[in-house]
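Working notes, beginning with the structure itself.
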Amino acid sequence: MTTAKFKKWNLLLGWCTFILALITYSLTIEPTVSAWDVGEYIATSVKLEVGHPPGAPLFQMIGAFSAIFASDNEHIALMVNLTSVVSSSFTILFLFWSSSIILKKLISRVTAPNQKEDKAVPLTTSNAIVILGSSFVGSLAFTYSDSFWYNAVEAEVYAMASLFISLLFWLGLRWEQDMD
């Protein structure tokens, strides 16, 4: 398989995982306030107030922006919850792309028995299927994991924190990949 074709499939399947996660989380989103800190995050987001320490100012500013698009006061909580849905869906996208980069790097390098250095192996179609399939299954397994799904459908800072961690990890992998 050519590199261009692999990139095309990687891009397509990555966005498929994003869409599957977005649909799943959108269909199961918390329509109002749920337990724990969600009510506080929604209230402080809408009024741009300070929440309990250590606070989450970026989450609250983005939540306030999302609340602007609520059709009425009854849908404010839904719109702030939607920020977690979108953040979690993008987390799954970057998880897929990070996984495919790592697996491609692992599979494309083979150490010969009598050599000290790795020898580059061309990307075959079967290797590409293994890389993309494993990344797809792994990303969807994380999408439907209980704790991640639970935080993806309510206004909690964990979804946005996961997004930034996955984005930074993917950017680091891309940076390292482009160094060569």
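The values are calculated or read from the model by the stated rules, or taken from the named source; none is laboratory data. Treat the numbers as computed from the prediction; the structure is a model and nothing was measured. Because the Cβ atoms are built from the backbone with ideal geometry, glycine has one as well, and the counts that use them run over all protein chains shown. Just so you know, the surface numbers come from the protein's heavy atoms only, side chains and all, with ligands and any DNA or RNA stripped out. Shrake-Rupley method; radii C 1.70, N 1.55, O 1.52, S 1.80 Å.
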Counted residues, segment 87-107 - those being open to solvent by 30 Å² or more (accessible area, probe 1.4 Å) and not aliphatic (A, V, I, L, M): 4
When residues of segment 159-180 are limited to those that are touching a residue at least 60 places away in the same chain (Cβ under 8 Å) and among the aromatic types (Phe, Trp, Tyr), the one most open to solvent (accessible area, probe 1.4 Å): 169
Does any residue of segment 156-174 turn out to be outside any helix (DSSP H, G or I), at pLDDT below 90 and over 17 Å from residue 88 (Cα atoms)? no
Just the residues that are farther than 30 Å from residue 27 by Cβ and either of a type in the set (A, V, I, L, M, F, W, C) or at pLDDT 95 or above (or both), please, taken from segment 104-155. 106, 107, 110, 112, 120, 121, 123, 128, 130
Over segment 44-82, the set of residues touching a residue at least 24 places away in the same chain (Cβ under 8 Å), crowded, with 23+ Cβ neighbours inside 10 Å and touching a Phe, Trp or Tyr at 6+ places or on another chain (Cβ under 9 Å) is 45, 59, 63, 80
Mind checking which residues of segment 153-180 are charged (D, E, K, R) and farther than 18 Å from residue 142 by Cα? 174, 176, 178, 180
Checked against (1) open to solvent by less than 50 Å² (accessible area, probe 1.4 Å); (2) under 30 Å from residue 32 (Cβ atoms), residue 150 satisfies every condition except (1)
Within segment 14-26, can one find any residue that is over 30 Å from residue 127 (Cα atoms) and out of contact with any Asp or Glu (no Cβ under 6 Å at 6 or more places or on another chain)? yes
